[in-house]
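For reference, the structure I am asking about is given below.
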Amino acid sequence: MRRGQAGMNRNLFLHQLGQEYLPAIPDLHARLVADPPARVADVGCGVGWSSIGIARAYPAVHVDGFDLDEASVAEAQTNVAAAGLDDRVRIELRDAADPALAGRYDLVTAFECIHDMADPVGALRTMRHLTGERGTVLVADERVGEHFTAESSDIERFQYGFSVLHCLPVGMADQPSAGTGTVMRTPTLRRYAQAAGFRDVEILPLDNFFFTFYRLVG
Ligand SMILES: C[S@@+](CC[C@H](N)C(=O)[O-])C[C@H]1O[C@@H](n2cnc3c(N)ncnc32)[C@H](O)[C@@H]1O
């Protein structure tokens, strides 16, 4: 499951994220290519492809990847070493909701993981804290409708399958849990973001079949 899921996103992270999506956010792109080298935190990094993709696309940046799954962290460290990025990418076993997570980052990302978290508000609060006044918080999560309808799209039906068989039980293994599940709609993310202290959630004009990209502001 861990590898299968990572494999589904791998091409996006290695070939689109740093080549197409991040450059389409001009102020962020400008910071990622500027000096002093930018610092990026990639929470819920899984086996590390997003951290590797960002570091490859922006050859000066330093990326800290955080995940609470031991096996994913071990695999991510192996992938980072194989990519020859040990000097700029560090992967750590951490809970993103841990308020003790410290540092100051220019970009904090969460790719397809907020909906898996038992405490999404806690994680978003930490992400806000890590970026301070000037950094960017970028979340990518499932592209689903604003509201539930019985006549849903094929993709939403597919996501509900994932939710029942994987994301919801995984997200509820730690208690207490928000119990979000795969189908995290925009109003749900907005609610979590506001509870975490953000002023607004912008939907970025980035076209992807599976994901909506959000920039959390304030
Ligand atoms: C669906 S996977 C996505 C992994 C990777 N971002 C990707 O897109 O391939 C969700 C990841 O979030 C991690 N995760 C869940 N809750 C977490 C938390 N509280 N702190 C850090 N990582 C967490 C899981 O261990 C898992 O690796």
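Go ahead and run the numbers for FRET between residue 209 and residue 177, Cβ-Cβ distance against an R0 of 45 Å, rounding to 0.05. Provide the component values of the computation, followed by the final result.
Numbers: r = 28 Å, r/R0 = 0.63.
Efficiency, rounded to the nearest 0.05: 0.95.
Cβ neighbours within 10 Å, averaged per peptide: list 190-200, 25-35 in order, most packed at the top.
190-200, 25-35
Calculate I(q)/I(0) for segment 1-50 by the Debye formula, one identical point scatterer on each C-alpha and no solvent, and give its log10 at q = 0.13 Å⁻¹ to two decimals.
With one equal scatterer per Cα and no solvent, log10 I(q)/I(0) is -0.37.
Starting from 0.36 nm per residue, how many nanometres of slack lie between residue 157 and residue 34 once their C-alpha separation is accounted for?
On the way: separation 123, 0.36 × 123 = 44.28 nm, distance 4.25 nm.
In short, 40.0 nm is gained.
I need the P(r) histogram for segment 157-218: all alpha carbon pairs, bin width 5 Å from 0 out to the longest distance, whole percents.
Over segment 157-218, the share of Cα pairs per 5 Å bin runs 4, 17, 20, 22, 20, 14, 4, 0 percent.
Per Stokes-Einstein, at 10 °C and 1.306 mPa s, what whole-number D in µm² s⁻¹ belongs to segment 2-217, with the Kirkwood radius over Cα pairs as the hydrodynamic radius?
The Stokes-Einstein estimate is 92 µm²/s.
Can you pull the one-decimal nm distance between simple spin-label points at residue 27 and residue 15, each 7 Å off the Cα toward Cβ?
Placing both labels 7 Å beyond Cα along the Cβ direction yields 3.2 nm.
No value in this document is a laboratory result; all are computed from the given coordinates. Everything numeric in this text was worked out from a predicted model, so none of it was measured. With ideal geometry, Cβ positions are generated from the backbone for all residues, glycine too; neighbour counts draw on all protein chains shown.
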